[in-house]
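The values are calculated or read from the model by the stated rules, or taken from the named source; none is laboratory data. Note that this is a predicted model, so its numbers are computed, not measured. FYI the Cβ positions are ideal-geometry reconstructions off the backbone, even for glycines, and counts take in every protein chain you see.
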């Protein structure tokens with residue numbers, strides 16, 4: 001038998017490349033590009049059928065390119081699944097000896113709707129795939145990596161920041177929070193892994209031609225515009241039924257669409273208690289019209305986005321694959337290790353929302369206001385902050401101050417205030433306490449949430465999964481839940497079902513996020529770690545405010561306060577307390593600024 005000869009001059013010959021979410025789309029394109037250059041390709045995802053199809057394509061490429069590459073397939077492996085990811089890397093180490101490149105590509109659309117109408121489960125699922133999946137695939141993969149390894153993370157340009165700007169991405173709050181943290185995590189890992197000569201780079205390619213953007217993101221965003229803005233003949237809840245039942249049929253044959261439209265019309269008619277043939281026929285016309293309007297808006301969104309790109313073109317999946325492969329090269333990865341590339345492809349002008357001072361009186365007017373202060377931290381510093389803010393607010397003429405803590409053991413610290421201990425990770429518990437406060441005291445004017453800090457000396461790359469999950473719970477899930485339930489408690493009852501009720505409603509939510517590192521000389525690695533979860537809260541804040549103002553037409557606002565400064569100085573406690581009190585009084589309601597670096601202001 002003639003011995004097969006293989007090309008040894010291909011760029012990635014002998015390298016093993018793991019590509020997450022590689023059964024379709026961008027992930028498949030990346031896998032194909034590496035296969036063309038001689039690599040062993042590891043593909044994984046939740047669904048077996050597309051992975052099997054991709055494996056067939058990759059094997060054909062390997063044969064035609066004359067490489068010695070092999071394909072390993074791991075179906076049913078979710079990137080957020082701790083055991084599944086660990087098992088995969090153990091298997092790869094045995095099969096290939098090591099892993100050379102990890103491409104964090106897996107992602108989901110998440111809930112494409114206003115944050116006020118999204119469930120906690122939808123929020124958690126999106127963050128689990130985008131952020132926790134990236135973290136755990138990287139952290140677990142390090143056990144199979146050696147010197148010269150590369151971690152390439154695909155994120156989104158929408159969460160990147162200019163000095164005084166922070167881009168919002170309406171209807172995508174969990175997505176923006178996760179992607180913001182993901183970019184900052186890629187930077188932090190680069191610092192942590194430098195001594196091991198393992199490089200970490202994030203790339204934000206901007207809009208890419210894909211089924212996800214055309215069949216999911218844009219149409220669902222269009223449907224959400226319709227749900228909020230209204231459509232003649234349908235309530236907001238009925239528009240949601242059109243979104244769920246008929247929107248996925250766009251692009252299908254006419255008879256399939258017509259059948260789906262009638263089924264939705266019949267469901268709406270039944271909900272009205274008048275499911276007659278005459279009404280179903282009339283509603284079918286209305287549903288078809290709503291569906292056509294959704295398609296029209298989706299196409300408009302796509303067209304408007306393309307106009308913000310210098311050449312008017314979205315990237316192809318092959319373009320992204322080429323970018324990822326180049327970033328994985330030895331020379332380029334060394335030059336740009338720790339960077340987010342590129343920073344801007346889409347020219348997307350936004351209002352500056354970053355400020356360094358909260359302008360307001362030394363004694364803000366809080367007369368008659370009801371203010372809720374929540375905290376998830378038991379640290380001495382944070383307990384003192386909560387107590388001092390509660391005292392200041394209580395002494396400023398408020399009608400009621402309520403302190404909520406996440407720990408029953410901390411209740412003794414707040415005995416002098418109206419206080420309760422609740423599970424701040426439980427949606428029903430948070431909703432119940434806010435609704436009780438609204439009913440008992442006639443409304444809620446402001447909610448202040450303290451996240452506390454985390455240990456910046458602890459390397460992310462060595463955290464256990466339990467430790468990581470606790471960080472995500474505290475700095476992303478909990479602030480998200482508090483914000484959503486606070487806003488809905490401030491709005492008129494029934495606003496979730498009838499978004500028009502949000503219009504003109506007032507209130508302020510203030511998140512006091514983790515402090516900047518303190519010390520005379522702050523290393524780059526500490527700064528990078530400290531910014532990971534601050535980096536989640538910034539784009540989240542921008543997106544929430546765009547939805548509250550531009551989409552829902554409310555006068556409610558989310559403010560993010562970040563204490564400490566770039567020089568490592570101790571936060572100014574008096575400035576912090578006064579700023580929070582002024583924000584609670586509503587001084588920032590009509591200003592663009594929503595993210596405040598208080599200790600960066602000149603004294």
Query raised in the report: Of 205, 219, which residue is in contact with a helix residue (DSSP H, G or I) (Cβ under 6 Å, 6 or more places away or on another chain) and closer than 14 Å to residue 302 by Cα?
Result: 219
Report task. Determine whether segment 406-418 contains at least one residue that is under 26 Å from residue 541 (Cα atoms) and in contact with a helix residue (DSSP H, G or I) (Cβ under 7 Å, 6 or more places away or on another chain). Result -> no
Requested in this report: Quick one: count up the residues across segment 409-458 that are part of a loop (DSSP other than H, G, I, E, B) and either closer than 15 Å to residue 389 by Cβ or outside the structural domain of residue 558 (by TED's automatic domain parsing) (or both).
Outcome: 5
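Would you call residue 56 modelled with pLDDT under 95 and either surrounded by fewer than 24 Cβ atoms within 10 Å (Cβ to Cβ) or touching a helix residue (DSSP H, G or I) at 6+ places or on another chain (Cβ under 6 Å) (or both)?
Working: modelled with pLDDT under 95: no; either surrounded by fewer than 24 Cβ atoms within 10 Å (Cβ to Cβ) or touching a helix residue (DSSP H, G or I) at 6+ places or on another chain (Cβ under 6 Å) (or both): yes.
In short, no.
Would you mind stating whether residue 239 is touching a strand residue (DSSP E or B) at 6+ places or on another chain (Cβ under 8 Å) and part of a helix (DSSP H, G or I)?
Working: touching a strand residue (DSSP E or B) at 6+ places or on another chain (Cβ under 8 Å): yes; part of a helix (DSSP H, G or I): yes.
So residue 239 passes the test.
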Report task. Would you be able to tell me the number of residues in segment 545-603 that are assigned to a helix (DSSP H, G or I), touching a residue at least 40 places away in the same chain (Cβ under 8 Å) and crowded, with 16+ Cβ neighbours inside 10 Å? Result -> 17
Query raised in the report: Any idea which residue in segment 501-533 is nearest to residue 549 (Cα to Cα), counting only those that are assigned to a helix (DSSP H, G or I) and in contact with a helix residue (DSSP H, G or I) (Cβ under 8 Å, 6 or more places away or on another chain)?
Result: 502
Query - Selected residue (only one of 372, 287 is surrounded by 18 or more Cβ atoms within 10 Å (Cβ to Cβ), at pLDDT 95 or above and under 28 Å from the mean Cα position of the chain (by Cα)) - result: 372
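Is at least one residue of segment 528-545 under 21 Å from residue 444 (Cα atoms), at pLDDT 95 or above and more than 25 Å from the chain's Cα centre (by Cα)? Please lay out each step first, then the result.
Within segment 528-545, the subset under 21 Å from residue 444 (Cα atoms) is 541, 544-545.
Keeping just the survivors that are at pLDDT 95 or above gives 541, 544-545.
Within this subset, residues satisfying the condition of being more than 25 Å from the chain's Cα centre (by Cα) are none.
Looking for residues that are under 21 Å from residue 444 (Cα atoms), at pLDDT 95 or above and more than 25 Å from the chain's Cα centre (by Cα), one finds none in segment 528-545, hence no.
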Requested in this report: For segment 155-202, name all the residues that are buried (at least 24 other Cβ atoms within 10 Å of the Cβ), within 23 Å of residue 109 (Cβ to Cβ) and in contact with a strand residue (DSSP E or B) (Cβ under 7 Å, 6 or more places away or on another chain).
Outcome: 155, 166, 182, 183, 186, 202
Query raised in the report: Of the conditions (1) under 28 Å from residue 427 (Cβ atoms); (2) under 16 Å from the mean Cα position of the chain (by Cα); (3) part of a helix (DSSP H, G or I), residue 168 fails just one. Which one is it?
Result: (3)
Report task. Sort out which residues of segment 24-79 are in a loop (DSSP other than H, G, I, E, B) and either over 26 Å from the mean Cα position of the chain (by Cα) or within 30 Å of residue 9 (Cβ to Cβ) (or both), and write them in order of number. Result -> 37, 38, 39, 66, 67, 68, 69, 70
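Can you find a residue in segment 299-310 that is in contact with a strand residue (DSSP E or B) (Cβ under 8 Å, 6 or more places away or on another chain), closer than 19 Å to residue 210 by Cβ, at pLDDT below 95 and not in a helix (DSSP H, G or I)?
So the first thing to find is which residues in segment 299-310 are in contact with a strand residue (DSSP E or B) (Cβ under 8 Å, 6 or more places away or on another chain), and the list is 305, 308-309.
In the following step, the residues that additionally are closer than 19 Å to residue 210 by Cβ were identified as 305, 308-309.
Filter again for at pLDDT below 95, leaving 305, 308-309.
Filter again for not in a helix (DSSP H, G or I), leaving 308-309.
Yes, the conditions are met somewhere in segment 299-310.
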**Report entry** Residues of segment 481-508 classified as farther than 28 Å from residue 581 by Cβ and touching a residue at least 24 places away in the same chain (Cβ under 8 Å), total
**Finding:** 5
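Report the residue count in segment 203-224 for those that are assigned to a helix (DSSP H, G or I) and surrounded by 19 or more Cβ atoms within 10 Å (Cβ to Cβ). Even if it seems obvious, please write down each step before you answer.
Initial filter on segment 203-224 (assigned to a helix (DSSP H, G or I)): 211-224.
Still in the list and also surrounded by 19 or more Cβ atoms within 10 Å (Cβ to Cβ): 213, 217-224.
Counting residues in segment 203-224 that are assigned to a helix (DSSP H, G or I) and surrounded by 19 or more Cβ atoms within 10 Å (Cβ to Cβ) gives 9.
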Report task. All but one of (1) in contact (Cβ under 8 Å) with a residue 24 or more places away in the chain; (2) over 23 Å from the mean Cα position of the chain (by Cα) hold for residue 454, so report the exception by its number. Result -> (2)
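Scan segment 376-394 residue by residue and report those that are outside any helix (DSSP H, G or I) and in contact with a helix residue (DSSP H, G or I) (Cβ under 8 Å, 6 or more places away or on another chain). Can you show your working first?
The initial filter retains those residues of segment 376-394 that are outside any helix (DSSP H, G or I), namely 376-379.
Correct list: 376, 377, 378.
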Report task. Please specify each residue of segment 338-351 satisfying the condition of being assigned to a loop (DSSP other than H, G, I, E, B) and surrounded by 14 or more Cβ atoms within 10 Å (Cβ to Cβ). Result -> 338, 339, 345, 348, 350, 351
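Based on what the data block shows, is residue 467 at pLDDT below 95 and at negative phi? If you could, list the steps in order and put the result at the bottom.
On the way: at pLDDT below 95: no; at negative phi: yes.
Spelling it out, it is not the case that residue 467 is at pLDDT below 95 and at negative phi.
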Query raised in the report: For segment 451-463, does any single residue satisfy the condition of being buried (at least 17 other Cβ atoms within 10 Å of the Cβ) and on the phi > 0 side of the Ramachandran plot?
Result: yes
